[in-house]
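**Q** If you scroll down you'll find the structure; I have some questions about it.
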Amino acid sequence: MTHAEQAPRRSGSLRRSRTRTGERAAGWLFTLPVILIMGLFLLVPVLMALWVSFSDWTGRGSPLAAGVGFVGLDNYAAITTGGGLDERNFGIAMRNNAWYVLLVVPLQTALSLFLAVLVTRAIRRGRGFFRTALYFPSVTSTVAITVLWLFLFSTSGVVNEVLSWVGINGPNWFNDPRGIIHVGLTALGADAGPAALTGSDFLGVTWWDWFAGPSIAMTAFILMAVFTTSGTFMLLFIAALQHIGAELGEAGKMDGANAWQRFWRITLPQLRPTLFTVLTLGLIGAWQVFDQIYTGTQGAPGKTTITPAYLSYEAAFTDQQWGQGAAIAFILFVIIVALTVFQRWLLRERGGPSRRARRMSTRLSRGAS
């Protein structure tokens, strides 16, 4: 190629490079205000809270003042290995919230997916009405829903009244600290746990109490969470289902796959990104539950509804132990990040599109045979 032919090409490459540089500069210019605002009102407070978790700040004055001392991991040790009431309270809160997450996240995900499939494919008329009706609890104030729930699940409330129609004597929902697994074992005659579970503990709580299940009071909150959040996640699944092409489903039908096989092996794998989003949002929300506890029971009965988020608030604002309150918040942050990363790994795409297509075709063929 001659020098005369190379000159226009170099000139065009130079113009494209300048254009890309200008676009990048413009992009940073437009996003800079948002970055500054988020840094000022989000990143700076988070870093200050992280410092508080390593300090002996008493809540008076600035946490960056000269009189605030660095105590290292003392605040973290007090709630994890201290051996006192602080450790036990944290252990109880973690147990309560662990059962809450274990039940709420799968139930709300399964229910929201079921409702999305029902509204998208089964209901032919009035879809807009059903979408609005199912989504409405999600936009209602959490405080209002909690007050309503306290009324419905009171000793003489509607729920116990309905249970009495079928011969069931409803429990004293928000005043019963017993774990539902212990209640079931007691009904079978097992009033005490084995020595292996009652003689050892974790975070100040015996393993027998860890396996007690959520208390009856916490079970009512679990039902409320599933009721109020399923509508939001239903909309996410509806949007994903509407963007799934019908070609694979029709091909599976022609190969002899039934409705369940088409859903399990064709539709559900294509919902993987949405499923990850729903599970992540559900996980974050379930570990950060606070409003219902603060409005409803404030940890009662017997601290069986206390959660780490509420315990962090109580430690800081009630007990004036700001370092421990911040430490609880950051332990909660680490747990959420770790579980989110694990979910991402668990739901990751394995293999390229062609490999997944061949695997799906093989499964359909085996199912049809």
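**Q** Using Cα centres only, tell me the gap between the stretch 28-77 and the stretch 266-332 in whole Å.
**A** If we compute the Cα centre of each part, the gap is 21 Å.
**Q** Under a GNM of the chain (C-alpha, springs under 10 Å), which listed residue has the highest mean-square fluctuation: 157, 256, 299?
**A** Sorting by GNM fluctuation, first place goes to 256.
**Q** Work out the P(r) tail for the stretch 44-87: percent of alpha carbon pairs separated by more than 14 Å, whole number.
**A** It works out to 52 percent of all Cα pairs.
**Q** Within the chain, which complete DSSP H helices have Cα atoms spanning at least 24 Å along the helix axis and a mean Kyte-Doolittle hydropathy of -0.5 or higher?
**A** Membrane-span-like by this rule: 3-38, 85-117, 216-242, 322-346.
**Q** Quick one: with all protein chains in place, what share of the accessible area of the chain is carbon or sulfur, to the nearest percent (1.4 Å probe)?
**A** 66
**Q** I would also like to ask the following. Hey, what's the chain come to in accessible area per residue, 1.4 Å probe, Å²?
**A** I get 58 Å² per residue for this part.
**Q** For the residue pair residue 74 and residue 164, what label-to-label distance in nm results when each label sits 7 Å from Cα along the Cα-to-beta-carbon direction?
**A** My value for the distance between the label points is 5.6 nm.
**Q** Semi-axes of the equivalent ellipsoid for the chain, please: Cα gyration tensor eigenvalues, times 5, square-rooted, ordered largest first, whole Å.
**A** 43, 36, 21
**Q** If you don't mind, there's one more thing I want to ask. Computed from the mean reciprocal separation of all distinct C-alpha pairs, what Kirkwood hydrodynamic radius does the stretch 150-306 have, in Å?
**A** In the stretch 150-306 this quantity evaluates to 19.3 Å.
**Q** Follow-up. If you average the C-alpha positions of the stretch 201-251 and of the stretch 86-104 separately, how far apart do those two centres end up, in angstrom?
**A** 17
**Q** Rounded, prolate or oblate: pick one for the stretch 126-221, where a ≥ b ≥ c are the square roots of the eigenvalues of its C-alpha gyration tensor, a/c under 1.5 means rounded, and failing that, prolate if a/b is larger than b/c, else oblate. Write down the numbers at each step before the final one.
**A** On the way: a/c = 2.70, a/b = 1.85, b/c = 1.46.
Judged from the Cα gyration tensor, the stretch 126-221 comes out prolate (a/c at least 1.5, a/b above b/c).
**Q** Expected output is a single nm value to one decimal: the length gained when fully extending between residue 25 and residue 319, i.e. 0.36 nm times separation in residues minus the C-alpha distance. What is it? Write out the running numbers ahead of the final one.
**A** Numbers: separation 294, 0.36 × 294 = 105.84 nm, distance 4.93 nm.
In short, 100.9 nm is gained.
**Q** Please check: in the Gaussian network model of the chain (C-alpha springs, under 10 Å), which one of 66, 26, 93 has the largest mean-square fluctuation.
**A** Result for the chain, Cα springs under 10 Å: 26 fluctuates most.
**Q** Can I ask one more? With a 10 Å cut-off between alpha carbons and a GNM built on the chain, which of 231, 252, 282 moves the most?
**A** With Cα springs under 10 Å in the chain, the top fluctuation among 231, 252, 282 is at 252.
The values are calculated or read from the model by the stated rules, or taken from the named source; none is laboratory data. Computed from a predicted model, the values in this text were never measured in an experiment. Positions of Cβ are generated from backbone atoms using ideal geometry, with glycine treated the same way; all protein chains shown enter the neighbour counts. Heads up: the accessible areas ignore ligands, DNA and RNA and are worked out on the full protein's heavy atoms, side chains in. Shrake-Rupley method; radii C 1.70, N 1.55, O 1.52, S 1.80 Å.
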